[in-house]
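Let me begin by presenting the structure, written as structure tokens, before commenting on it.
The values are calculated or read from the model by the stated rules, or taken from the named source; none is laboratory data. Since the structure is predicted, the reported quantities are computational estimates derived from the model, not experimental observations. So basically every Cβ, Gly included, is an ideal-geometry build from the backbone, and we count neighbours across all protein chains shown. Protein only, heavy atoms only, side chains kept; ligands, DNA and RNA dropped before computing areas. Shrake-Rupley method; radii C 1.70, N 1.55, O 1.52, S 1.80 Å.
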Amino acid sequence: MKQQGFHIIFMLLLCTFAAQAQLDAIQELPEVVLADAKLLHFSKGFKVEKLSDSVIKRNATSLTETLRYNSSIYFKENGFGMVSSPSFRGTNAAQTAVIWNGININSNFTGQTDFNTISPLNYDAISIRSGGGGVQYGSGAVGGSIHLNNNFSFDKTNSTNLGLRYGSFSTIAANASTTQSWDDHYLNVGVDFISSENDYDYVGKSKTNNHGQFLRFSAKVNEARKLKNGFASWNSEYSYNDRNFSGSLNTLGRDAYKDINTRNLWQLQQNIGVFTTKASFAHLFEEYKYFPSSEKYYYEGGKANTFIGALQTEVFLLKKLRLNGKLEYDYVSASGENVGDNSRKTLAAVVLLNHKISDKLSYGVNLRKEFLNDFDNPFLFSADAKWKLTNNYALRLNGSKNYRVPTFNDLYWYAGGNFQLQPETSYQVEVGQDFVFGNLKADVAAYYISSKDLIKWIPGNGGLWVPVNINKTENYGVEVNLNYAFNFNKRNRLSLNANYSYTKAEDLEKEKQLIYVPFHKAGGSLQYDSKNLSAYIQGLFNGEAFTTTDNSDRVDAYSVFNIGIDYKFAFIPNITFGGRLKNVFNTYYENVAYRPMPSRSIEIFLNFNI
Amino acid sequence: MKKLLLLSLTTLLFISCSSDDDNTSSEYIPDDYEKGVFITNEGPFNNGSGTITYISEDYSTVAQSIYKSVNGFDLGNIVQSMGFENDNAYIVVNNSNKIMVANRYTFESVDSIKTDIASPRHFIGASGTRGYVTNWGDPNDNSDDFVAVLDLRSNEVVTTIPVDFGPEKMVSHNTKVYVAHQGGYGQNNLVSVISGISVEKTITVGDVPNSMVVSGNELYVLCGGTPSYAGTETSGSLVKIDLLTETVTDTFNFATTDHPTNLTADGNNLFYSLNGKVYKVNTSSVTLPGTGIIDGLFYALKAKDGKLYATDAGDFASKGSLKIFDLSTNQEIQDFQTGIIPGGIYFNE
């Protein structure tokens, strides 16, 4: 239960909208060791939203679903459960970094993470950091980054959780995890599984999604041991996905895709005087197999190993000045039918500084320089400030230069890969404001991103497609988050969450909106909680998005609503059960043109906490 | 194309899609598509539907998505090509594995052929009641390629003829059908001669025969050559076959790094694309590369009656265009918007 306790603490402290001010308080909790403390200490002038446990559990099919309903990120999903790629603030799919315990896990082949391959239930904290994070998180943290963290604590804990879900389209899911902490040991082990026939009807089209079966299995081990002046830890994760790819309105699905990922991170931290020094070593493995026909054995695939060694030291002086220096060496070796056998080395030096001038004002400066790699090594920087003008109002500012290195596909794809590619670069600025009026909290952010040298595959002579650093884009937009809670009495509470984003993302050459970037997106939920019952309605509005570069075709706007109820017996509070009705109005909708999303469906669940 | 498809998949470049609600406001839909130009538009990769654009002979009418306008439903994914026989148009829908049959003048749907078709490429009609369709079968299997023989009265596949891998374009002469084996995702170097329901002979030509024209009793086969990325690069060539003896009588080679495409003919002149230019060659005295007459990277070319029709697919993720050039001046005289990836040019007479 201790772990749950932390979540509650986090939830209370880390209300989405005033994240920064409250994040300051967390470092006073020495018993929780954050897997990625940078996110806390060196992102104060950035918007960091942490998703609460209850929010994650509500949309637990995949990380796509979790984020679609609870952030302003747009997902292009090739049918439910299929390949899913993000557009964060109008940037491209390779410009959203997924960070697992501080490590960038975007694929070396595609530069992206397929958000349907990740179970949201495997982590203690999922946070969304908006804006450029290239200095801290490397390639791809342009639009923003998604942080999947496994934190730990040495406070005595013995908690086990088991969840079972069953739903429409023969969907079965289960997850189990246990967290044990005793003496100087911390151990967290968990498994998560989902499988679905996924044979939903295409609403009003008299067709069925009959080749969209998916299965995902993941397992995790997180272990830590307290040492005399620090700790040693090991985070480990395995995931396996096996999917048949859905067809579209016009095609029958035929192909299939299997992927395996393993991630391991070992860290050793020692605190000596004012210095906190951490050595870390990580290994990431990714393998995919693409089967043009799901009924045959023929496939094309690739695998990549990433080794990361890093050494960092942090000083915290006078409780005001925090300075972190880090050296990181990455070695990636990738091979595949279409990319040959290639490797990449990168040495990065990073300096992070945060200075708290007063309780009201703090600022940060972050620098990164890379060496060794094959590109014009970028020098990245970011600066941010947070100024709490009154108890009700805070202002934050940040600006950064970020980049995205070409992927192994871009460089070495046979045929067409272009090894003369350079990284995409982008500059951005953001102004954000936090408001608190009693029970109402609001956050309003405005940003501007200018990107150049964007990699685009274009048809060349003789029909061969070649990637080149050609596109220039300009994105700007506004994001508004609102959170309101009303307590009728001690036991009854009504809460409202809402978010809206306006995104303009323009190809500067064509002077057209980028494809699959909707101008408008809004989401929200209204929730009622009493002692043993909670009920909610959740809604999503997605504005129309263009699907052709000349903006001649579009995927229509849609609204989808889900409702759900959770119940706990007063006499057995460690069992929670309930159900959800998804797509209540049986709306036809698509995120990618001609790829219908599910019809109305139900899901029931049962959770045990021991 | 396979690599590209896979690449687009693995990089999640789900580029674009068409929803066929184009041009509903400004253009009226004629109920008669007699006399004019049809453009088959492949449509975007992976998603959506290909379409057909119609441009009347006098250029006064342009209609997009004519099949859907008339019938209310889409053709399907990747409209590869089209052929005619009698009153019907046979529209080959590659990724949806079907042939859609429509009246070539009204475009009203007549039938569809979905059985015994696998990755179909091109259709050609012969003798009024018979049609042939080249098929790749499983694109990753080079041993299952075939030509389907259709009975055009019942619109059924009556038999399939196994052929060498990568059958693509066809031309007919007298009662025979000549099939160019471009080589699918790989490279091949054959022309099969089909008579009736069997392969009578195969003729070895240059690597990657991608287009053919018949001029008198000669068959000109334009071979692209093996591109450098596919191993040993070989030059493109223009191969001349005497149709009476069915033997190669002449082979004209391009420079090793030249890979021409899109052979078309008007009278005694041949036209083709190479390195961003359209070249003209006279059949009476072939010298390569001939005369460069028009600049442009075109996806399809067709010459007819002193005009050259050329499509531009742009970035392959937005509407393309058809440009018409006057071959007496080599000047552009018309420019029309088409659908996405305009891959075929056909004339309705």
A:Phe193 passes all but one of (1) open to solvent by less than 30 Å² (accessible area, probe 1.4 Å); (2) at pLDDT 95 or above; which number fails? (1)
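Give the residue that is farthest from A:Val429 (Cα to Cα), with candidates limited to residues of region A:107-132 that are more than 14 Å from chain B (Cβ to nearest Cβ) and part of a loop (DSSP other than H, G, I, E, B).
Start the filter on region A:107-132 by keeping residues that are more than 14 Å from chain B (Cβ to nearest Cβ), which leaves A:118-132.
Applying the additional criterion that residues be part of a loop (DSSP other than H, G, I, E, B) yields A:118-119, A:123-124, A:131-132.
Details: A:Ile118: 30, A:Ser119: 32, A:Tyr123: 30, A:Asp124: 30, A:Gly131: 8, A:Gly132: 9 Å.
Among those residues, the one meeting the criterion is A:Ser119.
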If I filter region B:203-217 down to residues being modelled with pLDDT of 95 or more and over 20 Å from the mean Cα position of the chain (by Cα), which single residue comes out as most open to solvent (accessible area, probe 1.4 Å)? B:Thr204
Sort out which residues of region A:453-468 are within 14 Å of chain B (Cβ to nearest Cβ) and either assigned to a strand (DSSP E or B) or open to solvent by less than 30 Å² (accessible area, probe 1.4 Å) (or both), and write them in order of number. A:Leu454, A:Ile455, A:Lys456, A:Trp457, A:Ile458, A:Pro459, A:Gly460, A:Trp465, A:Val466, A:Pro467, A:Val468
Give region B:148-190 a look and list any residue that's buried (at least 17 other Cβ atoms within 10 Å of the Cβ), in a strand (DSSP E or B) and within 16 Å of the chain's Cα centre (by Cα), or say none. B:Pro167, B:Glu168, B:Lys169, B:Met170, B:Val171, B:Val177, B:Tyr178, B:Val179, B:Ala180, B:His181
Filtering region A:472-500 down to residues that are part of a strand (DSSP E or B), among the charged types (D, E, K, R) and farther than 18 Å from A:Glu49 by Cα yields A:Lys472, A:Glu474, A:Arg493
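A quick yes/no check of all residues on (1) assigned to a strand (DSSP E or B); (2) away from chain B (no Cβ under 14 Å); (3) closer than 24 Å to A:Gly79 by Cα:
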{"residue": "A:Val142", "(1), (2), (3)": "no, yes, no"}
{"residue": "A:Ser145", "(1), (2), (3)": "yes, yes, yes"}
{"residue": "A:Asn158", "(1), (2), (3)": "yes, yes, no"}
{"residue": "A:Ser195", "(1), (2), (3)": "yes, yes, yes"}
Restricting attention to region B:281-305, report how many residues are in a strand (DSSP E or B) and without any contact (Cβ under 8 Å) to a residue 12 or more places away in the chain. 0
Filtering region B:59-76 for residues that are under 17 Å from B:Ser109 (Cα atoms) and in a loop (DSSP other than H, G, I, E, B) leaves a count of 7
For region B:82-110, which residues satisfy the criterion of being farther than 16 Å from B:Glu34 by Cα and in contact with an Asp or Glu (Cβ under 7 Å, 6 or more places away or on another chain)? B:Val101
So, B:Lys319, is that one out of contact with any Phe, Trp or Tyr (no Cβ under 9 Å at 6 or more places or on another chain) and crowded, with 19+ Cβ neighbours inside 10 Å or not? yes
Filter result (hydrophobic (A, V, I, L, M, F, W, C), over 19 Å from A:Asn101 (Cβ atoms) and surrounded by fewer than 20 Cβ atoms within 10 Å (Cβ to Cβ)) within region A:314-342: A:Val315, A:Phe316, A:Leu317, A:Leu318, A:Leu321, A:Leu323
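Quick test for you: out of A:Thr91, A:Thr66, pick the one residue that is within 14 Å of another protein chain (Cβ to nearest Cβ), crowded, with 24+ Cβ neighbours inside 10 Å, of a type in the set (Ser, Thr, Tyr) and not in a strand (DSSP E or B). Before the answer, list the steps.
Working: A:Thr66 fails: within 14 Å of another protein chain (Cβ to nearest Cβ).
The conditions single out A:Thr91.
Every residue, every condition in (1) open to solvent by 50 Å² or more (accessible area, probe 1.4 Å); (2) more than 23 Å from the chain's Cα centre (by Cα); (3) not charged (D, E, K, R), yes or no:
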| site | (1), (2), (3) |
| --- | --- |
| A:Phe419 | yes, yes, yes |
| A:Glu424 | no, no, no |
| A:Asp434 | no, no, no |
| A:Ser451 | no, no, yes |
| A:Ile470 | yes, yes, yes |
| A:Tyr476 | yes, no, yes |
| A:Phe486 | yes, yes, yes |
| A:Asn489 | yes, yes, yes |
For region B:198-280, please list each of the strands (runs of 3 or more DSSP E) lying entirely inside it that holds at least 2 residues being away from every other protein chain (no Cβ under 14 Å) and over 24 Å from B:Thr134 (Cα atoms). B:247-253, B:269-274
Listed by first then second residue, the pairs whose first member lies in region A:492-510 and is touching a residue at least 40 places away in the same chain (Cβ under 8 Å), whose partner is surrounded by 17 or more Cβ atoms within 10 Å (Cβ to Cβ) and charged (D, E, K, R), with beta carbons under 6 Å and at least 6 positions apart or on separate chains, are A:Ser501/A:Glu479; A:Ser501/A:Lys521
Here are some conditions: (1) buried (at least 21 other Cβ atoms within 10 Å of the Cβ); (2) modelled with pLDDT under 85; (3) closer than 21 Å to A:Ser525 by Cβ. A:Lys47 meets all but one. Which one does it not meet? (2)
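Hey, among B:Phe84, B:Phe73, which residue is more than 17 Å from B:Pro167 (Cα to Cα), more than 14 Å from chain A (Cβ to nearest Cβ), among the hydrophobic types (A, V, I, L, M, F, W, C) and surrounded by fewer than 19 Cβ atoms within 10 Å (Cβ to Cβ)? Step through it out loud before you land on a result.
Working: B:Phe73 fails: more than 14 Å from chain A (Cβ to nearest Cβ).
Result of the check over B:Phe84, B:Phe73: B:Phe84.
Could you list, in sequence order, all residues of region A:282-313 that are of a type in the set (A, V, I, L, M, F, W, C) and open to solvent by less than 60 Å² (accessible area, probe 1.4 Å)?
Of all residues in region A:282-313, those of a type in the set (A, V, I, L, M, F, W, C) come to A:282, A:284-285, A:291, A:304, A:307-308, A:310-311.
Residues satisfying the conditions are A:Ala282, A:Leu284, A:Phe285, A:Phe291, A:Ala304, A:Ile308, A:Ala310.
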Suppose we filter A:Leu397, A:Leu367, A:Leu389, A:Leu372 for residues that are open to solvent by 50 Å² or more (accessible area, probe 1.4 Å) and at positive phi; which single one remains? A:Leu372
So, B:Glu34, is that one modelled with pLDDT of 85 or more, surrounded by fewer than 23 Cβ atoms within 10 Å (Cβ to Cβ), in a loop (DSSP other than H, G, I, E, B) and more than 10 Å from chain A (Cβ to nearest Cβ) or not? yes
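Okay, residues lined up against (1) within 19 Å of the chain's Cα centre (by Cα); (2) within 14 Å of chain A (Cβ to nearest Cβ); (3) farther than 18 Å from B:Gly36 by Cβ:
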| site | (1), (2), (3) |
| --- | --- |
| B:Gly306 | no, no, no |
| B:Ala310 | yes, no, no |
| B:Gly314 | yes, yes, yes |
| B:Ser318 | no, yes, yes |
| B:Ile324 | yes, no, no |
| B:Gln331 | no, no, yes |
| B:Asp335 | no, no, no |
| B:Thr338 | yes, yes, no |
| B:Ile341 | yes, yes, yes |
Does A:Asn551 count as in a strand (DSSP E or B) and out of contact with any Phe, Trp or Tyr (no Cβ under 7 Å at 6 or more places or on another chain)? no
